[in-house]
Amino acid sequence: MSKRDKSVVDLDAHRPIPALFEGLYGDLPPGEPIEQIDAIVERNDAAEYIKTLNPHSLFRLIKRAGFDQGIDLIPYTSPDQLQIFLDLDCWSKDRLSPDRMATWLSVLIADADDEHFHRALRDIDPEVIALFFKKNFRAVEVIEDEESLVDLPEHAELSPDNAYALVYPEDEDTAALMRALVDRLYHVDQGLAWALFEAVRWELTAEMEERAYEFRTSRLEEYGFVERTEALAVYATIDPVAFRRRWENGDMENKPSIDPPETLQVPAVVTENVDEEFYFFTVLNSMQDDDISRLGAELVTLTNRTMIADGIEPGEIETGREVVRRTAGFLSLGLDFLARTDDATARRALRTIPLREIFRVGHSITENLQDKARSLDDRPTLSLIEGVSYSLLNPDETALFEALSDVRPTFARDRHTFELFQDQDQIDRAALRIGLVAFKQLWLFGVANRSVESLANLVYEGALLNDPDAVTFDVFFATALATHLLTEESALRGLTSHELDELSAALRDHPWEDDPLQFFEPLIGPMLVELPAEATGLVTRWLDETLTWLVDELAPVTDYVGPEPYAELLLVAHPKK
């Protein structure tokens, strides 16, 4: 039994995988979102209890249940909780969204009592409230001289004390909300209303927005969120081999053992995607509870960064399922690589190496694959068709190269099966397939000594029956083998109808018997001379795969019905040429 097999068996002594972070779920009642809200509002002390809840947990609950369902909680939230709601939901990058902010404030205006409404407007960042006013109307001071009333803006309305002329927006819903906000504000704090009007009159929008964004960023950093430029550092490339060597040699300091901060909660999108298919979670589940708690908090911090780096706003974290799973995948790949697939070593790695660095190792391994794939575009090409990147690759190879070309690379096992990178086996398979494409490229443009121009002319000048987008490395090589089998020549040309008619019988005769390398030596020999000894396996693999392909498809054919069916496998001469 392998070490990994044993670790999976040992998991029977531990909790079920989905319950790994049960101690970090937060302080909400159990159940589905609607059930949780019902349990909260039915408490005798609901008004005070709501104020004790973690603001991020409460925000996610409202978002998951839907605003219409969570609306009953909002009038009882503390100013600090409401501030976090606005921080999470009312910004698009570094710009305040007044429409989203209006959604939250409308509930306070309609349902909060005077004391709560007053505290909220006083304690929320004054820059945010002033900016909301600034983006929604204009304020002009009214001078007592009656002649000055003629100069008031069109459609202006006097404030309740006749001290200001207020120009509300044309949108009727927004105008109604602002009128209600002004009226309630005058009722509870006329001085604050004047201060906001003066800010609307004199403060510059850009400066207020910059200050408000700085305060918002500072608050969110306490919960593991950082600016996108800083978050992108988790994707900074690292040398995986050098990193592993330093760790194995003891040349790195162990990460400090820090208890999880009370402000961090595991989002539902993380707990719902704790999956035993990821090596990271499998190893984590075999560790002690204290380790799991610390690593769970560390995972939340890391996931927050990958979310922001991938363009997901802090308030939309629950939508980031793909990012959560990709984060687990890169963590699993990095852990697999560093531990050399030994579970005891993997547990030591989790205890001593920051998850951020394990993640960087995993991501950097896939970046190395990306670089290898990209390098083939210039040696000299993977396509003969302008505007098509991989016309010379077969469908499975095209899927792999396209998956690797993504900003966050994925693994295409074949044209139908796409997976997140998560283990060394995927890397090895992808590297082998990239190496085989590199060999095919070397054979066609090096050993066969064909130029891009000559091949393009062959494909496009009309001498072939083949569609240009169906001509691949495999078709060229299959044609070379078929030509040698029939004529002992090695030229790359379209096979005639007479040759195609003879080919099925020649394949059935199987003249290469058990030694295709020897039989096709005149064709294969020049490749072996050009290649290093360790690449011989690529020659054998491509030869065996191509012969199997030809035999399976053509050997059973006994009645020749024309050249068209052969055009997907071989270069076929146009019968009219």
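Treating the angle as unsigned and between 0 and 90°, give the value, to the nearest 10°, between the Cα long axis of helix 98-111 and the longest Cα principal axis of the chain.
Once rounded, one gets 40 degrees.
Find which of Leu500, His155, Phe117 sits farthest along the positive direction of the dipole of the chain, computed with +1 on the beta-carbon of Lys and Arg, -1 on that of Asp and Glu, about the Cα centre.
With unit charges placed on the Cβ atoms, the residue in question is Leu500.
Using the Karplus equation 6.51 cos²θ - 1.76 cosθ + 1.60 (θ = phi - 60°), what ³J(HN,Hα) coupling, rounded to whole Hz, does each residue of the range 313-324 give in order, writing x for Gly and Pro?
5, x, x, 10, 3, 5, 8, x, 4, 5, 5, 4
So what's the angle, to the nearest 10 degrees on a 0 to 90 scale, between helix 55-65 and the longest Cα principal axis of the chain?
Helix 55-65 sits roughly 70 degrees off the main axis of the chain.
Working out 0.36 nm times the residue gap between Glu277 and His498, then minus their Cα-Cα distance, what length gain in nm do you get to one decimal? The partial results should precede the final answer.
Numbers: separation 221, 0.36 × 221 = 79.56 nm, distance 5.39 nm.
My answer for the length gained is 74.2 nm.
Once label points are set 7 Å from the Cα along Cα→Cβ at both Asp38 and Leu204, what is their separation, rounded to one decimal in nm?
With each label point 7 Å from Cα toward Cβ, the separation is 5.5 nm.
Could you tell me what a quarter of the Cα convex hull surface of the range 395-568 works out to, in nm² with one decimal place? Show your work: numbers first, answer last.
On the way: hull surface 45.9 nm².
Convex hull of Cα atoms, orientation-averaged projection: 11.5 nm².
Taking the Cα centre of the chain as the origin, how large is its charge dipole in debye, to the nearest 20, when only Lys and Arg (+1) and Asp and Glu (-1) carry charge on their Cβ atoms?
1880
With the alpha-carbon atoms as the only input, what is the per residue convex hull volume for the chain in Å³?
234
Distance in nm between label sites at Arg415 and Thr229, each 7 Å beyond Cα in the beta-carbon direction?
Distance between label points: 4.6 nm.
Can you give me the distance in nm between label points at Glu48 and Asp111, each placed 7 Å from the Cα along the Cα-to-Cβ direction?
2.2
Hey, could you get me the Stokes-Einstein D for the range 190-337, Kirkwood radius over alpha-carbon pairs, 25 °C and 0.890 mPa s, rounded to whole µm² s⁻¹?
D, rounded to a whole number, is 136 µm²/s.
Pairs of alpha-carbon atoms within less than 8 angstrom and 6+ residues apart define the contacts here; what relative contact order does the chain have, in percent?
Values: 717 pairs, mean separation 66.9, N = 577.
In percent, rounded to a whole number, it is 12.
So if we plug the beta-carbon distance of Glu322 and Thr237 into 1/(1 + (r/R0)^6) with R0 = 22 Å, what FRET efficiency do we get, rounded to 0.05?
It comes out at approximately 0.50.
Evaluate E = 1/(1 + (r/R0)^6) for Asp378 and Glu489, where r is the Cβ-Cβ distance and R0 equals 30 Å; express this FRET efficiency to the nearest 0.05. Intermediate values should be presented prior to the final figure.
Working: r = 31 Å, r/R0 = 1.04.
So, using R0 = 30 Å, E works out to roughly 0.45.
Can you work out the FRET efficiency for the pair Thr352 and Lys93, with r the C-beta to C-beta distance and R0 = 30 Å, to the nearest 0.05?
0.25
Gain in length, Asp509 to Gln288, computed as 0.36 nm per residue apart minus the alpha-carbon separation, to one decimal in nm?
Here the answer is 73.1 nm.
Which one of Val324, Asn54, Val167 is farthest out on the positive end of the charge dipole of the chain, using unit charges on Cβ (Lys, Arg +1; Asp, Glu -1) and the Cα centre as origin?
Val324
Can I get the semi-axes of the range 34-96's equivalent ellipsoid? Compute them from the C-alpha gyration tensor as square roots of 5 times the eigenvalues, in angstrom, largest first. Could the numbers behind the result be given before it?
Numbers: eigenvalues 94, 34, 13 Å².
In descending order, the three semi-axes are 22, 13, 8 Å.
Express in nm, to one decimal, how much length is gained between Thr548 and Val452 on full extension, taking 0.36 nm for each residue of separation and deducting their alpha carbon distance.
Full-extension gain reported as 31.8 nm.
Give me, ordered by chain and number, the residues 5 or more places off Leu96 or on other chains with an amide H under 5 Å from its own placed amide H.
Under 5 Å from the amide H of Leu96: no residue qualifies.
Would you work out which of Leu96, Ile358, Trp194 lies farthest towards the positive end of the dipole of the chain? Charges go on Cβ: Lys and Arg +1, Asp and Glu -1.
Ile358
If packing is taken as the mean number of other Cβ atoms within 10 Å per residue, what is the order of 453-462, 190-199, 125-134, highest first?
Ranking, from highest mean packing down: 125-134, 190-199, 453-462.
Values quoted throughout were computed directly from the atomic coordinates according to the rules given, and no laboratory measurement underlies them. Computed from a prediction, not measured in an experiment: that's the story for all the values here. With ideal geometry, Cβ positions are generated from the backbone for all residues, glycine too; neighbour counts draw on all protein chains shown.
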